[in-house]
1. Going residue by residue through segment 93-114, is there one that turns out to be of a type in the set (Lys, Arg), within 19 Å of the chain's Cα centre (by Cα) and open to solvent by 30 Å² or more (accessible area, probe 1.4 Å)?
2. Could you tell me how many of the residues in segment 127-165 are open to solvent by 10 Å² or more (accessible area, probe 1.4 Å), of a type outside the set (A, V, I, L, M) and in contact with a Phe, Trp or Tyr (Cβ under 6 Å, 6 or more places away or on another chain)?
3. For segment 38-61, check the following and say yes or no: at least one residue is outside any loop (DSSP other than H, G, I, E, B), open to solvent by 70 Å² or more (accessible area, probe 1.4 Å), modelled with pLDDT of 95 or more and over 30 Å from Leu209 (Cα atoms).
4. Of everything in segment 182-196, what is closer than 18 Å to Ala109 by Cβ and either open to solvent by 30 Å² or more (accessible area, probe 1.4 Å) or touching a Pro at 6+ places or on another chain (Cβ under 6 Å) (or both)? Give them in sequence order.
Amino acid sequence: AEDYAMVDVLSGGRLVFGIGSGYLPHEYSGFGLGPWEKRHRFDEAIEVIETAWRGERFTHHGLYYHFTDVKLNVTPIQRRPPTWVAILRMEAAYYVGRQGRHALLLPYASVEEVAELGAVAREFRRGRTDGGHEPAQGDFTLTLHTYATDDGRGLDEARQAMDNYLSTRLYARKRSVDDLDRKGLLLFGTPEQIAERIVDLGQEGMDHLMACCNFGGLAAPLVRRSMELLATEVVPLVQSMARGRLAVAR
């Protein structure tokens, strides 16, 4: 809590706190923990952190953590720094929404195709409603592997790097680059192609996009050029396309 409070102070109150419980067996066995306890341990840890951020002395005696009469030396500028929780399943989206927190999802590890994301986003909003939180104020963020090129060779240029990434992941289900691209779970291509997909993701409920641009040993100059295209060409295109679709909808 104090470490991240310091980040908030140093950044002038711009901390965005992203957390996840983990889910792979070795992540628990290495610490001598059982996967069955992860939700309760995770929720209690978040409760302690957010309580400590208030800057007041507090005592906490829970199932896993015990603190008596403690207080942070450094408190965040933000009264309550926003918290994003990483999720994998639809039921987790509802649970996080009901807690009043924001959701962060890596689509290729969670859904079969892009069309399924709308259902996950709706469950998140439903959870916020059921928890007494304003649905529209919740943030549904997606992380996608992204590679922009001036021409149409994005998939070919980034294929080996993406293959490297996929082959070293410890997820139970292996997926091919072509399959992920065909189902809209990658952002590879020209600025126009990527912008079109981003707008589609927005219509499926995405509020923010995290672009994973450096993956699988991709050469630094290629990563840099891709990021430059995102900033200078993709963003303006997305803004223009979104305005156009909104006008049609009205």
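1. Kept after step one, since they are of a type in the set (Lys, Arg), are these residues of segment 93-114: 98, 101.
Still in the list and also within 19 Å of the chain's Cα centre (by Cα): 98, 101.
From what is left, the residues that are open to solvent by 30 Å² or more (accessible area, probe 1.4 Å) are 98.
The answer is yes, given that some residue of segment 93-114 is of a type in the set (Lys, Arg), within 19 Å of the chain's Cα centre (by Cα) and open to solvent by 30 Å² or more (accessible area, probe 1.4 Å).
2. 1
3. Within segment 38-61, one or more residues are outside any loop (DSSP other than H, G, I, E, B), open to solvent by 70 Å² or more (accessible area, probe 1.4 Å), modelled with pLDDT of 95 or more and over 30 Å from Leu209 (Cα atoms).
4. Initial filter on segment 182-196 (closer than 18 Å to Ala109 by Cβ): 182-188.
Of everything in segment 182-196, those that are closer than 18 Å to Ala109 by Cβ and either open to solvent by 30 Å² or more (accessible area, probe 1.4 Å) or touching a Pro at 6+ places or on another chain (Cβ under 6 Å) (or both) turn out to be Arg182, Lys183, Leu185.
The values are calculated or read from the model by the stated rules, or taken from the named source; none is laboratory data. All values derive from a computational prediction rather than experimental measurement. Because the Cβ atoms are built from the backbone with ideal geometry, glycine has one as well, and the counts that use them run over all protein chains shown. For the accessible areas, the whole protein counts, side chains as well, though only heavy atoms, and no ligand, DNA or RNA atoms are used. Shrake-Rupley method; radii C 1.70, N 1.55, O 1.52, S 1.80 Å.
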